[in-house]
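J.: Before anything else, here's the structure in question.
Just so it is clear, none of the values below were taken in a lab; they were calculated from the coordinates. Computed from a prediction, not measured in an experiment: that's the story for all the values here. Note that we place each Cβ from the backbone using ideal geometry, even for glycine, and neighbour counts take in every protein chain shown.
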């Protein structure tokens with residue numbers, strides 16, 4: 001169950017490509033992969049249609065690992081991290 005104290009938390013990472021860097025990001029990604037530190041897990045991602053943003057769903061016990069990861073990419077993009085909470089349960093009274 002996700003409410004357990006040791007359960008991993010999920011985060012939405014919004015990556016905004018720096019102007020003119022989209023091709024360089026894909027080049028580095030294909031050469032080196034995501035370069036996630038141990039303990040930070042990639043779950044899924046989506047690209048903004050015709051845009052310069054990528055939305056990545058990740059999971060970890062340790063949010064400080066994002067800073068380690070960002071060091072690998074900070075020259076090509078900016079990254080915002082949003083902790084994802086549990087979806088509200090539907091009420092049966094409606």
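J.: Subtracting the Cα-Cα distance from 0.36 nm times the residue separation, let me have the gained length for residue 87 to residue 21 in nm, one decimal.
T.: 20.3 nm
J.: Contour minus end-to-end for residue 31 and residue 71, with contour as 0.36 nm per residue of separation and end-to-end as the Cα-Cα distance? Mind showing how you got there, number by number?
T.: Numbers: separation 40, 0.36 × 40 = 14.40 nm, distance 1.67 nm.
That pair, residue 31 and residue 71, stretches by 12.7 nm at full extension.
J.: Follow-up question, since we're still on this one. So what's the back-of-envelope 222 nm ellipticity for the chain, counting only DSSP H runs of four-plus at -39500 (n - 2.57) apiece and dividing by all residues, rounded to 500?
T.: Result for the chain, helices only: -5000 deg cm²/dmol.
J.: Order these peptides, 20-27, 44-51, 9-16, by their mean beta-carbon neighbour count within 10 angstrom, highest first.
T.: Values: 20-27: 13.4, 44-51: 9.8, 9-16: 16.1.
Ranked from most to least packed, the peptides come out as 9-16, 20-27, 44-51.
J.: Something else: Quick one: angle between helix 22-32 and the longest Cα principal axis of the chain, in degrees between 0 and 90, rounded to 10, please.
T.: 80 degrees
J.: How big is the equivalent ellipsoid of the chain along its three axes, where each semi-axis is √(5λ) from the Cα gyration tensor, reported in whole Å from largest to smallest?
T.: Calculated on Cα positions only, the semi-axes equal 29, 17, 10 Å.
J.: Points 7 angstrom from Cα along the Cβ direction at residue 63 and residue 38: gap in nanometres?
T.: The answer from the label model is 2.4 nm.
J.: Taking the simple approach of a point 7 Å from Cα along Cα-to-Cβ for both residue 78 and residue 14, what is their distance in nm?
T.: Roughly 1.1 nm, to one decimal.
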